[in-house]
Amino acid sequence: MNFRIPILKLRDTLIVSIQWELDDQTAIQFQEDLLNKLHETSARGVVIDLTSVDFIDSFIAKVLGDVISMSSLMGARVVITGIQPAVAITLIELGIRLEDVMTALDLENGLDKLQLELEA
Amino acid sequence: MEIQGGLRQKMNKQMAGYIQENNTEIITKWQELMKNEKNDRSFQVMPTDLMNQTSKEFADLMLSNLLESHQAYETRLNDFAEKVVRLGWSMTFVTKAIDHFSEVVFEGMEDAGLITQENFRGFFKEFNNWIIPIRDSTVAAYSKTWERTVSLQKIALQELSASLIPVFEKVSVMPLVGTIDTERARLIMENLLEGVVKHRAEVVLLDITGVPVVDTMVAHHIIQAADAVRLVGAKCMLVGIRPEIAQTIVTLGINLNEFTTTSTLQRGVEQALAWTNRKIVEVDEQ
Amino acid sequence: MSNQSSVEILTEWDIVAARQLGRNVAKELGFGTVDQARITTAISELARNIYLYAGQGRIEIQQLMENGIKGILIIAADQGPGIPDIRKVMEDGFSTSGGLGAGLPGVKRLMDEFKIETIPGEGTDIRATKWLR
Ligand SMILES: Nc1ncnc2c1ncn2[C@@H]1O[C@H](COP(=O)(O)OP(=O)(O)OP(=O)(O)O)[C@@H](O)[C@H]1O
Ligand SMILES: [Mg+2]
């Protein structure tokens with residue numbers, strides 16, 4: 001019954017595009033898979049694209065926040081891209097600010113931002 | 001009961017007959033009374049032919065309540081009320097018009113000997129039966145038109161005051177005008193975010209030059225909006241901060257430190273261009 | 001007028017089922033995308049709380065009609081341990097499970113009306129309404 005979210009590698013960056021509604025198991029599985037992949041590849045950046053995600057509750061927000069902190073412990077920068085207006089509004093109203101997260105409008109912008117960040 | 005019903009019908013017929021026969025005379029008298037209304041000058045300023053036409057319509061309406069089926073009267077009343085609203089007649093003026101009209105008819109029928117000492121009570125009751133529903137439905141028609149106007153204005157205000165304008169590639173401005181309440185704040189937030197995604201803006205300038213008061217509630221909404229803009233992947237800047245707004249913000253202890261703020265839109269645009277690695281230069285004419 | 005449907009919350013998957021039901025009803029009622037996201041998120045929070053803290057319970061979705069205005073009512077009911085201090089759980093950041101503690105105060109902000117009834121040892125009944133403007 002569980003999907004696994006595919007994680008692609010492009011040079012020293014991992015790219016994840018979330019295409020389905022995230023249930024709790026898939027979210028936790030994803031956290032584990034991403035950390036393992038970071039370890040295997042020693043990638044320095046991660047782009048997580050949420051264009052197709054139409055809502056995020058506090059649980060998924062916590063998993064995402066944790067993934068970002070854990071990745072940074074392992075030396076990788078994370079950019080979240082494509083958060084939809086409706087999702088951004090509900091997150092803010094829930095009181096979840098995702099304060100130190102890098103964001104970008106879409107995957108392409110996200111890759112650019114990450115590149116700049118890694119060069120600096 | 002039978003007899004009473006028959007009597008009522010007879011009285012109604014007499015009233016209608018009297019109005020039809022003395023139409024011109026009634027209208028003239030009624031217009032005199034209306035012109036003397038001190039508090040409302042609607043009639044004095046109206047062109048004569050328009051006044052005559054409206055008076056005729058008004059008389060027809062009054063009459064139709066005595067003659068026509070309830071439904072036909074209702075439609076006619078609605079049309080009339082809408083017209084009167086458009087003419088700018090106040091509700092008091094219209095109720096006065098109804099009262100004066102029945103006054104003129106009653107006195108006329110008295111003078112003509114149709115209303116006598118004996119049937120006075122009966123007619124008095126019948127006049128009330130005639131006038132009260134007209135008043136009630138006029139008031140209802142008014143408040144309906146009025147409610148619709150208010151809700152349309154509300155929508156117009158909302159649409160007016162929250163659109164995102166792209167000024168350069170990657171840079172957009174949202175001018176905010178007027179008082180911000182919770183409902184408007186929500187709308188502003190939605191338009192802002194949808195605009196950012198649609199225009200692919202990397203920087204948005206929220207211009208609060210036109211916002212009269214920035215209290216903690218407004219500041220809170222602005223901070224939330226800026227946070228949401230960051231989540232979708234853009235940057236938000238607050239521009240148009242007037243001196244008195246700066247004063248209230250600091251006095252209230254509102255913390256806008258995480259924000260980039262500037263006093264004028266122009267400085268904001270320059271900053272936004274700098275963030276997107278561009279600037280405006282003057283070109284020498286050769 | 002009211003029209004209802006419900007989902008029993010027994011496993012994690014039922015959280016997904018509950019919010020899908022809510023989203024469909026919200027869409028059908030004519031709520032826009034932002035309100036759909038608000039409603040779905042609120043259901044997800046309440047359903048997960050049932051799963052985590054009460055073990056099992058029920059999410060009920062009702063369509064409302066009052067004075068010509070349509071609305072959606074979410075009822076989250078369980079016979080779990082109840083909430084000892086309601087005021088505490090309505091504070092941002094209060095969690096007994098290491099969560100963000102955003103759930104209940106968040107739901108209150110996402111919806112138009114919000115009511116908790118809870119008796120320690122007997123269970124919790126939470127009702128949240130959103131009106132279609
Ligand atoms: N149905 C319930 N039965 C018993 N206790 C509950 C119930 N719902 C919530 N609680 C209690 O209220 C606290 C606050 O809930 P809330 O949803 O606000 O935060 P959380 O679930 O701890 O974290 P988050 O929802 O942000 O992941 C919970 O930690 C739990 O102790
Ligand atoms: Mg919770």
Seminar exercise, completed: Once Lys and Arg are counted +1 and Asp and Glu -1 for all other residues with Cβ under 14 Å from that of B:ASP136, the total becomes 0
For this session: Using Cα centres only, tell me the gap between segment B:19-75 and segment B:155-217 in whole Å.
Result: 49 Å
Exercise. Counting only DSSP beta bridges with both residues in chain A, what percent are antiparallel, rounded to the nearest 5?
Worked result: 25 percent
Problem set entry | Helical mean residue ellipticity (222 nm; -39500 (n - 2.57) per DSSP H run of 4+; nearest 500) of chain B | -22500 deg cm²/dmol
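Scan chain A and note any complete DSSP helix (H) whose C-alpha atoms cover at least 20 Å along its axis and whose Kyte-Doolittle average is -1.0 or more. Mind showing how you got there, number by number?
Working: long enough: A:24-41 (26 Å, -0.89); A:58-73 (22 Å, 1.28).
Flagged H segments are A:24-41, A:58-73.
Given the alpha-carbon gyration tensor of segment B:111-215, what are the semi-axes of its equivalent ellipsoid in whole angstrom, ordered largest first, with each equal to the square root of 5 times an eigenvalue?
Values: eigenvalues 721, 30, 19 Å².
Taking √(5λ) for each eigenvalue gives 60, 12, 10 Å, largest first.
Could you estimate the translational diffusion coefficient of the protein assembly as shown from the Stokes-Einstein equation, with Rh from the Kirkwood formula over C-alpha pairs, at 37 °C and 0.692 mPa s, in whole µm²/s? Don't skip to the answer; put the middle values down first.
Values: Rh = 28.7 Å.
Estimated via Stokes-Einstein, D reaches 114 µm²/s.
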Problem set entry | Selection from A:LEU98, A:GLN19, A:PRO6, by position along the positive dipole direction of chain A (Cβ) | A:PRO6
For this session: May I ask you to list the lysines whose Cα is less than 18 Å away from that of B:LYS13, ignoring any residue fewer than eight positions away on the same chain?
Result: B:LYS125
For this session: Based solely on C-alpha atoms, express the radius of gyration and the Dmax of chain B in angstrom.
Result: 31.7, 104
For this session: Check cross-link reach from A:LYS113 to the lysines: straight Cα distance under 27 Å, and skip same-chain residues fewer than eight apart.
Result: A:LYS9, A:LYS37, A:LYS62, B:LYS170, B:LYS198, B:LYS235, B:LYS279
Exercise. Angle, helix C:12-29 long axis vs. longest principal axis of chain C, Cα atoms, 0 to 90°, nearest 10?
Worked result: 30 degrees
For this session: Among B:LEU63, B:LEU87, B:VAL104, pick out the residue whose Cα is farthest towards the positive end of the charge dipole of segment B:46-125, where Lys and Arg carry +1 and Asp and Glu carry -1 on C-beta, about the Cα centre.
Result: B:LEU87
Exercise. B:LYS38: which lysines have alpha carbons under 26 Å from its alpha carbon, excluding same-chain residues fewer than 8 sequence positions away?
Worked result: B:LYS29, B:LYS56, B:LYS83, B:LYS96
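For chain C, what does the helix formula give at 222 nm: sum of -39500 (n - 2.57) over DSSP H segments with n ≥ 4, over the residue count, nearest 500 deg cm²/dmol? Intermediate results must be reported in sequence, preceding the final value.
On the way: 4 runs with 47 residues, N = 133.
My calculation for chain C gives -11000 deg cm²/dmol from helical runs alone.
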Seminar exercise, completed: Under 20 Å between C-alpha atoms, the lysine pairs in segment C:4-131 lying 8 or more places apart or on different chains count 9
Exercise. How far, in degrees from 0 to 90, does helix B:182-199 lean away from the longest principal axis of the Cα atoms of chain B, to the nearest 10?
Worked result: 50 degrees
Seminar exercise, completed: Computed, not fitted: 222 nm per-residue ellipticity of chain A from DSSP H runs ≥ 4 (each -39500 (n - 2.57)), nearest 500, equal to -15500 deg cm²/dmol
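Provide the packing ranking of A:87-97, B:52-62, i.e. peptides ordered by the mean count of other C-beta atoms within 10 Å per residue, highest first.
Details: A:87-97: 24.2, B:52-62: 17.3.
Sorting A:87-97, B:52-62 by mean packing, highest first, produces A:87-97, B:52-62.
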For this session: Only loop residues by DSSP count here, and only those with at most 16 other Cβ atoms within 10 Å; note down the trypsin sites (Lys or Arg not before Pro) in segment B:156-240 that meet that.
Result: B:ARG200
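Of all alpha-carbon pairs in segment B:165-275, indicate the percentage at a distance above 19 angstrom. Kindly include the intermediate steps, with their values, before the conclusion.
On the way: 2347 of 6105 pairs.
Considering segment B:165-275, 38 percent of its Cα-Cα pairs are separated by more than 19 Å.
If you rank C:TRP13, A:TRP20, B:TRP130 by fewest surrounding Cβ atoms within 10 Å, what's the result? Show your work: numbers first, answer last.
Details: C:TRP13 14, A:TRP20 10, B:TRP130 19.
Going from least to most buried by this count: A:TRP20, C:TRP13, B:TRP130.
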Exercise. Angle, helix B:48-67 long axis vs. longest principal axis of chain B, Cα atoms, 0 to 90°, nearest 10?
Worked result: 60 degrees
For this session: State the three equivalent ellipsoid semi-axes of segment C:4-131, derived from the C-alpha gyration tensor as the square roots of 5 times its eigenvalues, in descending order and whole Å.
Result: 23, 15, 14
For this session: For chain A, just the Cα atoms, rotate onto the principal axes and tell me the three extents in Å, largest first.
Result: 35, 33, 23
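Any read-out appearing in this document is the output of simple, stated calculations on the displayed coordinates, not a laboratory observation. Everything quoted here is computed from the prediction, not taken from an experiment. So basically every Cβ, Gly included, is an ideal-geometry build from the backbone, and we count neighbours across all protein chains shown.
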